[in-house]
Every structure is written in structure tokens, then in C-alpha cells.
Amino acid sequence: MADIDAREEALRLEIVEYGRLLYTRGLAHGSAGNLSVRLSDGAILVTPTNSSLGFLTPPQISKVDPNGTHLSGDPPSKEAFFHLAVYEERPEAQAIVHLHSTHAVAVSCLCHEDTTNVLPPLTGYHVMRVGPLPLVPYFRPGDRKLAEAVRAHARDHRAMLLANHGPIVAGKTLSAAVQAYEELEETAKIFFLVGNRKASPLTCEEVGDLNRAFPS
């Protein structure tokens, strides 16, 4: 029991530290966005509702069971339900980052002819760490119907983009999820810097080669 408690405390501290890092880097602002990690019993630790990721303490971090029941800490983010939906569909996922970073949200506000992958494969690292990025239809924040839309995309994608809202990125660790999120935001920046100029994204063959060399 002591080992379990020690691990949970370590994960609470990790969430606090990464929250502060993301806030300092300008990827999180105000009380927007949330982070979570999965515990061995299926419960999750998730950042509290109406809290700034830059100013959290370990005891504030919410703990909810797999059904979403609040167990400890401050009241959980109102978006904890879609974290749980991702975890249910992706057994390998142990952490999730959801933020409202500027360039990724801007991509989510555009009209896309093809919503199955809304960022081109401009770099190998985007392909390796993010992969295809589908656009999930818009639902108002907190709308529980979003869970099923997220669930459907989570089955085959480690990252997705909520329309007019922001990305959800899952990873095997919180560090991996944060790094993938940062890669997504940087690719969104490159996307806008390239603009209407003629670009040379990776070919299908090059993407396939990366996926074989670096399977997710």
C-alpha cells in the first residue's frame, strides 16, 4: 500500500511540474486545459476544474474512479469524462494532455475538406509523435456527447483535434504526451508560416517508412 501511495504522490507532483512547464512556455493560459494520468487500478489523477496549470499543488490534483466518481482532491475538470473515454479505448495510454494552445486551436477553427487528418506531414517528428490528426466535430465545453465522438477517434489515433477547442494527445507517460503535444503545436506554427507557399510534405512512402521504423 505504501508503494502505491508513493507512486500516486509522485504522479501528482509530476502533473504539477508539467503543468507549470506548459504554462511557462505559453501553451496553457488562464484556467484552460487539463492533464491526467492513469493509475494501476484504473482511476485517474486529473487537474481540477477552474484551476491554472501554472499554480497547482499536489493535494489539489483530483482523483476520480473509472466511472468518473470524485474520490479525492479538488473537484475534477469538467472535461475529465473525455479523458476516461480515451483511456477506455487506448489501453496503452497512461497520460493525456489537453490544452488550448494558440496555433493548434487556430487549425481547429479552419474549414477542412478532409477532416481525417488536418495537419500535413511536414516533419518526420510530427509523423512519429503525433500521427494522423482527425478533427472531432464541435460540442460545447462540458457536453457529455463529446465523449462518444472522442471515443470513436481514440480507437485509432493517439491525438485528435476538437473543433473550435483544441487538441487531445495521449501517451505512454506524461512526459511522452507533453512532448507529442509540443510537436503538434510546433507543426501548427509551421503550417501557418508556410501558408499558401508551395510546400513539400512527406510522401506516403516516407510516412510509411517512418511508421515502420518507429511504430507507435
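The values are calculated or read from the model by the stated rules, or taken from the named source; none is laboratory data. Just so you know, these numbers come straight off a predicted model, no measurement behind them. For neighbour counting, all protein chains shown are included, and Cβ atoms are generated from backbone atoms with ideal geometry for every residue, glycine included.
One table, with the values for the structure above:
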quantity: Members of segment 106-142 that are of a type in the set (D, E, K, R) and surrounded by 14 or more Cβ atoms within 10 Å (Cβ to Cβ); calculated: 129
quantity: Helices (runs of 4 or more DSSP H) wholly inside segment 142-216 that include at least 1 residues being among the aliphatic types (A, V, I, L, M) and more than 22 Å from residue 38 (Cβ to Cβ); calculated: 174-194, 204-213
quantity: Flag for residue 157 being more than 25 Å from residue 13 (Cβ to Cβ), at pLDDT 95 or above and touching a Gly at 6+ places or on another chain (Cβ under 7 Å); calculated: yes
quantity: Matching residues in segment 120-158 - criterion: being within 18 Å of residue 87 (Cβ to Cβ), among the charged types (D, E, K, R) and free of Cβ contacts under 8 Å to residues at least 60 places away in the same chain; calculated: 156
quantity: Members of segment 36-46 that are touching an Asp or Glu at 6+ places or on another chain (Cβ under 9 Å) and surrounded by 16 or more Cβ atoms within 10 Å (Cβ to Cβ); calculated: 37, 39, 43, 44, 45, 46
quantity: Residue selected from segment 54-102 under the condition over 20 Å from residue 150 (Cβ atoms) and in contact with a Leu (Cβ under 6 Å, 6 or more places away or on another chain), by the criterion surrounded by the most Cβ atoms within 10 Å (Cβ to Cβ); calculated: 61
quantity: Some residue of segment 187-199 being among the small types (Gly, Ala, Ser), closer than 15 Å to residue 118 by Cα, surrounded by 13 or more Cβ atoms within 10 Å (Cβ to Cβ) and modelled with pLDDT of 95 or more; calculated: yes
quantity: Any hit, segment 110-126, residues being touching a helix residue (DSSP H, G or I) at 6+ places or on another chain (Cβ under 9 Å) and closer than 25 Å to residue 38 by Cα; calculated: yes
quantity: Flag for residue 53 being under 16 Å from the mean Cα position of the chain (by Cα) and over 15 Å from residue 99 (Cα atoms); calculated: no
